[in-house]
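Colleague: The following block contains the structure, expressed as structure tokens.
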Amino acid sequence: MIIRVLLVAFCLSMSGAAWSAAYLKIGDIEGESRAEGHEGEIDVLSWSWGADTNRRRGCVRDFNFVKSIDKSSAPILMGQIIQEVYPEALLTVEHTGSSQRDRFEFLTLRFRNVRVESFNTGGSDGSNFSEQVSFNFEEVEYSYTPRRQDGSEGSPVTATISARQCRNN
């Protein structure tokens, strides 16, 4: 019984350490985030992005994300319809923790020359309605900042990748 209680207590204490949140800013489009430091950005529910090989060449894939319907919805949809190119989009991912002291931005993806490729919305009765959006881009800067054992920020590790080479294949 004691071991079971200790295991539950350990799991609960570890769950707070893994909390994270993601925010997205696309051009001058306003979202409804109220998170400190991310006011007016888009709250991201989930996201995915990666790279693969296309004809023996490394290629980045489109960036995909899911968000709730909010005031950014119509401008994103219009941007897709008219194929607007946004100079920049910035995804920020942070550990949120249980207090302000625990907050820590550890990952950013800065996209340049962004164009919305797809916009899908939906939901079901009793659920939150959401939107699935994907965009392509000409370049991405991927930056990961490790956290030292003392809680301070380590040195960022970055990579800048061009997507142009894949668009011509």
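A short reminder: the numbers here are calculations on the coordinates, not readings from a lab. Computed from a prediction, not measured in an experiment: that's the story for all the values here. Positions of Cβ are backbone-derived with ideal geometry, glycine not excepted, and every protein chain shown enters the neighbour counts.
Colleague: Over all distinct alpha-carbon pairs, what is the Kirkwood Rh of region 105-169 in angstrom? Walk me through the intermediate numbers first.
Modeller: Details: mean 1/r = 0.0674 Å⁻¹.
Hydrodynamic radius (Kirkwood, Cα only) of region 105-169 equals 14.8 Å.
Colleague: Please sort 75-82, 126-133 by packing, taking for each peptide the average over its residues of neighbouring beta carbons within 10 angstrom, highest first.
Modeller: Ranked by mean Cβ neighbours within 10 Å, highest first: 75-82, 126-133.
Colleague: Follow-up question, since we're still on this one. Any idea what the alpha-carbon Rg over 2.2 N^0.38 Å comes to for region 38-141?
Modeller: Numbers: Rg = 15.3 Å, N = 104, 2.2 N^0.38 = 12.8 Å.
Here the answer is 1.19, to two decimals.
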